[in-house]
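Single-structure report; data block below.
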Amino acid sequence: MATTTFTNPASATTILSFTSDVGSYVGKGENLSFDSEEYTVFSYSSNNWPSQFFIMGPSFADGWQLTIGAPLGQALAVGHYSDAEWFATQALPGLQLLGYNGRGTSNVRSNFDVLEVAYDTSPWTMPTITRLAVNFSQFEGPDYKLGLYGQFRLNSNVPISTPEPSTFILLFAGISGLALLRLRRK
C-alpha cells in the first residue's frame, strides 16, 4: 500500500473537470472543475491496481474520488479502454468517479483514454502513478444513457480540452434552425 501527496511542477497541471447530463446521479447536470490551487490531490494504491485519486476540497463533502485501473495483471498504459465497469475485473478495465456528498453509484459503464501515464518505480516502493492524463465518459442509470464526461490531469502538461457541445444542444440548434427557415419562407 502506498499513499502519495502530489505537488505540481510549475508547468504541470493537476485538475479534475467534468460536464454531465441533467439527471445524472453523480454529476447532477453540473459542469464542475477542481484544480490544485483549491483542492488537494492524493493517491492511494494497493499493488497499483486499481489506482485511486482523492480530490479533497475545503470540507469532506467537497471531495471526489476517481478510481481507475487496467484489467487485472496489466499496468495502466497510454491507450483507449472501453467497456469499463465500476471496478476493474480480471478481464475488464475499471473507472468510477464519485463524490463524497453521496454522489456515487456502482451501476456505471465507462470508456476512457489514457493520454499520458508515468510511474515512480523506486526499488523500495510499489509502482505509483506520478503523472496521468485521462479523458473519460461515465454512463449510469438503468440503460446507461445518462453521461458524465470528464478529464483528469495529475502533474501533466496535457491540456484540458474544451468539451464538445452535447448532442442535445446540437439537435436543438438544428431543429431551431429548421423552424426559422420555415418561418422565413412563409
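With a probe of 1.4 Å, find how much accessible area the stretch 104-150 has per residue, and write the answer as a whole number in Å². Each residue of the stretch 104-150 exposes 48 Å² on average to a 1.4 Å probe.
Database remark: amide H of residue 130 closer than 5 angstrom to the amide H of 118, 119, 120 (H placed geometrically; neighbours at sequence offset of 5 or more, or on other chains; Pro and chain starts carry no H).
The values are calculated or read from the model by the stated rules, or taken from the named source; none is laboratory data. Computed from a predicted structure; not experimentally measured. We work out accessible area using only protein heavy atoms, side chains counted, and drop any ligands, DNA or RNA first. Shrake-Rupley method; radii C 1.70, N 1.55, O 1.52, S 1.80 Å.
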